[in-house]
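Only one structure is covered here, and it is reproduced in the block below.
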Amino acid sequence: MADSRVHRGQRSVESTSSAITLANRWDHFLARWGVKRNQHVVEPGLYALGNPRADSPVFVTANYTLSFDALRSALAGIDGYIMVLDTKGINVWCAAGKGTFGTDELVHRIEATGLHNVVSHRVLILPQLGATGVAAHEILRRSEFTVEYGPIRAADLPEYLKTHRATPEMRQVRFNLLDRVVLIPVELVHVLLPMAIAAVVLFFVGGFFVSAAAVAAILAGVVLFPILLPLLPTSDFSVKGFILGGMVALPFVLTILMGNPAVAWWLRVGEGLIFPLAMPPVTAYLALNFTGSTPFTSKTGVRREIFAYTPIMAILFGIGIALATAVILIRGWGGA
Amino acid sequence: MIGSYRFNTLRYNPELCVNCGMCSIVCPHAVFAAGEDVAQMIRGEACMECGACQRNCPPSAITVDSGVGCAAAMIRAALTGKKEVTCGSEIESSCCCKERKPPTCCGA
């Protein structure tokens, strides 16, 4: 029976440590900025952390460097095995949603690494968020290994290992300020080019003031929004975005209304209205796009948001642009 | 109209529950809690439809139309005429996962 479990082509167990080097930190930095985003990968397989024995615990993770490094650094001083699944360089939760951090890959990896012969026990500790892709009862049936879902965050593992029971706090996802702030760089990278183009075009069409308004609306959506998310009223991201965009538009409106008294009042009102019409939809759209970066928006809810608010965004933005065009034409004719 | 997240597709049939406790372990939003005889759904409105409970429910007492609540991916899928995507699926460059890979979002 034991012979049947000797797998040909079985790879040797590589060793790793809990140390995070300068090179690791540089890799994390680049990952956060979306640089070389397909290259933050770890070779799938089995890794020995410290000096594990046959009865040492086995931890399963994704082959994304941020996931792997978070796990091994959290396990400082603990001897164990880390089994890295091939998730195509994607983190645990995303990969679980996609199915690459999944039942089939886990069963395959158990066989490919010859885990049956490496450890004497039959328990795997998985990150809780991997449960989206892994059916524990199927793993047991197909591999004889019992899946134990550990805490969501690797940092809670040392505490968890004392009792092998996670507290309710360990089981709930958080999205605190730091969690949100680390997402801003990639959000920024995404809008950089469109923002630069919009800024340059608007500078030539309407001058520095209009250009600044566009940049403000966009930065509000990708920088201020993640920071202020829980403070903005309502649960719908689009509404939160409209409110934030409105607040950011306010100084622009006031500047125009209280501007040059030589300009006819109705022209000033017309010009002032451009900003609360055109800016909030931009911020709201970017806010809506942030849903995918949060750990709590449902597919049903986001779909409802898209149907409810994107038409409003388009209409308001369209009116704002039409009004801006009218103001520019009137000013051109009047020489004002 | 303000309240897009009050509805979701999570359905639980306690009659099928074998009280294994997995749903209350895997749920990242404490939607389920362990009960005397069967699991209790205590915060259904907090469900984000990740599908972890459904996948780990041996008797299939829980069903949910799981997917990723990612507007960027859905809008892109709609614009390109492809079917709605799960996280980072066939539309390679879509969704948070492929591009953002944060520890939250999509995941740890």
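Figures for the structure shown
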read-out	value
For the range B:4-63: rounded, prolate or oblate by the Cα gyration tensor [a/c cutoff 1.5]	prolate
Cβ crowding within 10 Å averaged over residues, with A:75-81, A:97-103 ranked highest first	A:97-103, A:75-81
Separation of the B:Ala78 and A:Ile330 label points, Cα + 7 Å toward Cβ, nm	3.4
Under 20 Å between alpha carbons - lysine pairs in the protein assembly as shown that sit 8 or more apart or on different chains	18
Kirkwood Rh in Å, taken over all unlike Cα pairs in the range A:1-149	15.5
Dipole in debye (nearest 20) - the protein assembly as shown, about Cα centre, beta carbon charges: Lys, Arg +1; Asp, Glu -1	660
At R0 = 22 Å, FRET efficiency that the Cβ-Cβ distance of B:Asn19 and B:Ile42 yields, to 0.05	0.90
Gyration tensor over alpha-carbon atoms, the range A:200-274, equivalent ellipsoid semi-axes in Å	27, 15, 9
When the convex hull of its Cα atoms is projected in every direction, mean area for the range A:179-334 (nm²)	9.4
Debye intensity ratio in log₁₀ form over the Cα atoms of the range A:135-219, taken at each q of 0.13, 0.17, 0.18 Å⁻¹	-0.66, -0.82, -0.87
Extension gain from A:Glu43 to A:Met247, taking 0.36 nm per residue of separation minus the Cα-Cα distance	68.7 nm
Rg to Rh, two decimals, where the protein assembly as shown supplies the alpha carbon set and Rh follows Kirkwood	1.07
Expected-Rg normalisation [2.2 N^0.38 Å, Cα atoms] applied to the range A:74-190	1.15
Axial C-alpha extent at least 30 Å, average Kyte-Doolittle at least -0.5 - helices from chain A (DSSP)	A:265-289, A:299-334
Contact order normalised by residue count of chain A, Cα under 8 Å, 6+ apart, percent	12
Inverse mean reciprocal Cα-Cα distance (Kirkwood Rh) of the range A:115-256, Å	19.3
Equivalent ellipsoid semi-axes - Cα gyration tensor, the range A:118-169, angstrom	20, 14, 8
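Here, each number is a calculation from the coordinates, and none is a lab measurement. Note that this is a predicted model, so its numbers are computed, not measured. Heads up, the Cβs are rebuilt from the backbone with ideal geometry, glycines too, and the neighbour counts pull from every protein chain shown.
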